Amino acid sequence: MAKFKGALIGCGFFAVNQMHGWRDLPDVEIVAICDRDPERLNIVGDQFGVARRYRSADEMFADGGFDFVDVATTVGSHRALVELAARHKVPAICQKPFAPTLADAKAMVAAAKAAGIPLMIHENFRWQTPILAVKAVLDSGAIGTPFWGRVSFRSGFDVFSGQPYLAKGKRFIIEDLGIHALDIARFLFGDAGRMTARTKRINPEIAGEDVATMLLDHDNGITSIVDVSYATKLPEEPFPETFVEIDASEGTLRLGKDYTLTVHGPSGTTRSVVAPNLLPWASRPWHNIQESVALIHKHWIERLAAGAEPDTSGSDNLKTFALVEAAYLSAERGETIALGELLE
């Protein structure tokens, strides 16, 4: 198969993981990179041997010569860059969060649809090996039909040292981390029609919320709790593990610390370790997230080759984004929010 040629916009903190993920795929070559900061541009270009380096996305698109673009910038630039890709009819991957507002996200989906290009959101948490293992148990029917679930990410890890901009936004944990946990809840339990949320700011040095608890009413009758915290001080730091609990008609499932998966059903109880692979370029404890980057990249290329829509397409991610918006509205108003109003 001929190689897919890609371009990357944004050479910051997380983009290095993106580049490693692309380099691992034998049928992909990143041929151009773009960043406004010449130092970051040169660091990434030198590390990955990319000769074509741009400080202007317009210039990069004008030169062309690539089959897709990976937008790994911060949220404020996403709409302009995705619409730029749409004008050039170049398939695009966009880093999460999708956009500053749901209206922007809807406009981006519309632009991609009008241009006839695939648009995927880099929502990689559902691609983590332990989460895929949980999904496989559910799909097998081993514990019956779920009726209650919990997706939990509670940590005291200092995320601000590597990404200082996170401390400055009025929105923090739901938009940055909760969006992943909410997408996992959709992935495991289906779409939700109603959202109730409460938030707190514990760290006085940041502008946004660092604790959130969300109650979801799923369309299929499942109730789930999604709770996230960067203010939780534990004797053993679990970062960046996501814990999952599921109660079902025939048994239970628990994904706990150190990727221990306990499944209890009619045939008994099994315990296994569903740890992520430590890729050669990865480092603990980030390897769980880093492996999921490589897996979602692989999925994108497979779908691109087949001409099929990716699982975390722009249109699909609107439903996750709507949950984020509903959570903020619910916390602000102190009431339950119906998702239908936001997605119209």
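The values are calculated or read from the model by the stated rules, or taken from the named source; none is laboratory data. Since the model is a prediction, treat every value here as computed from it, not as a measurement. Ideal geometry is used to build each Cβ from the backbone, glycine not excepted, and the neighbour counts take in all protein chains shown. What goes into the accessible areas is simple: the full protein's heavy atoms, side chains included, and nothing from ligands, DNA or RNA. Shrake-Rupley method; radii C 1.70, N 1.55, O 1.52, S 1.80 Å.
Being modelled with pLDDT of 95 or more and either more than 26 Å from ALA167 (Cβ to Cβ) or charged (D, E, K, R) (or both) is true for just one of ALA86, ALA105, ALA80, ALA72. Which residue is that?
Values: ALA105 fails: either more than 26 Å from ALA167 (Cβ to Cβ) or charged (D, E, K, R) (or both); ALA80 fails: either more than 26 Å from ALA167 (Cβ to Cβ) or charged (D, E, K, R) (or both); ALA72 fails: either more than 26 Å from ALA167 (Cβ to Cβ) or charged (D, E, K, R) (or both).
Answer to the check: ALA86.
From ALA305, ALA331, ALA248, ALA327, which residue is of a type in the set (A, V, I, L, M), touching a strand residue (DSSP E or B) at 6+ places or on another chain (Cβ under 8 Å) and surrounded by fewer than 17 Cβ atoms within 10 Å (Cβ to Cβ)?
On the way: ALA331 fails: surrounded by fewer than 17 Cβ atoms within 10 Å (Cβ to Cβ); ALA248 fails: surrounded by fewer than 17 Cβ atoms within 10 Å (Cβ to Cβ); ALA327 fails: surrounded by fewer than 17 Cβ atoms within 10 Å (Cβ to Cβ).
Criteria check complete, one pass: ALA305.
Need a quick list: helices (runs of 4 or more DSSP H) entirely within the range 285-344 having at least 3 residues that are over 14 Å from the mean Cα position of the chain (by Cα) and more than 17 Å from LEU182 (Cα to Cα).
Working: elements: 287-306, 314-333, 339-343.
Passing ranges, in order: 287-306.
Condition first: more than 17 Å from VAL324 (Cβ to Cβ), buried (at least 16 other Cβ atoms within 10 Å of the Cβ), in contact with a helix residue (DSSP H, G or I) (Cβ under 7 Å, 6 or more places away or on another chain) and not hydroxyl-bearing (Ser, Thr, Tyr). Can you find one or more residues in the range 169-181 that meet it? If you could, list the steps in order and put the result at the bottom.
The initial filter retains those residues of the range 169-181 that are more than 17 Å from VAL324 (Cβ to Cβ), namely none.
No.
Output the number of residues of the range 233-245 satisfying the condition of being out of contact with any helix residue (DSSP H, G or I) (no Cβ under 7 Å at 6 or more places or on another chain) and either closer than 18 Å to ARG271 by Cβ or open to solvent by less than 30 Å² (accessible area, probe 1.4 Å) (or both).
The total comes to 3.
Answer yes if at least one residue in the range 250-259 is of a type in the set (A, V, I, L, M), assigned to a strand (DSSP E or B) and in contact with a Leu (Cβ under 8 Å, 6 or more places away or on another chain), and no otherwise. Give the steps one after another, and end with the answer.
First, the residues of the range 250-259 that are of a type in the set (A, V, I, L, M): 253, 255.
From what is left, the residues that are assigned to a strand (DSSP E or B) are 253, 255.
From what's left, in contact with a Leu (Cβ under 8 Å, 6 or more places away or on another chain): 253, 255.
For the range 250-259, residues of a type in the set (A, V, I, L, M), assigned to a strand (DSSP E or B) and in contact with a Leu (Cβ under 8 Å, 6 or more places away or on another chain): present.
Take the residues in the range 125-164 that are surrounded by 15 or more Cβ atoms within 10 Å (Cβ to Cβ) and modelled with pLDDT under 95, then tell me which one is farthest from the chain's Cα centre (by Cα).
By that ranking, first place goes to PHE160.
Does THR213 satisfy being in a strand (DSSP E or B) and farther than 14 Å from TRP148 by Cβ? Full working, then the answer.
Values: in a strand (DSSP E or B): yes; farther than 14 Å from TRP148 by Cβ: yes.
Spelling it out, THR213 is indeed in a strand (DSSP E or B) and farther than 14 Å from TRP148 by Cβ.
Quick test for you: out of ASP183, ASP158, pick the one residue that is under 19 Å from GLN290 (Cβ atoms), in a loop (DSSP other than H, G, I, E, B) and among the charged types (D, E, K, R).
None of the others qualify; the one that does is ASP158.
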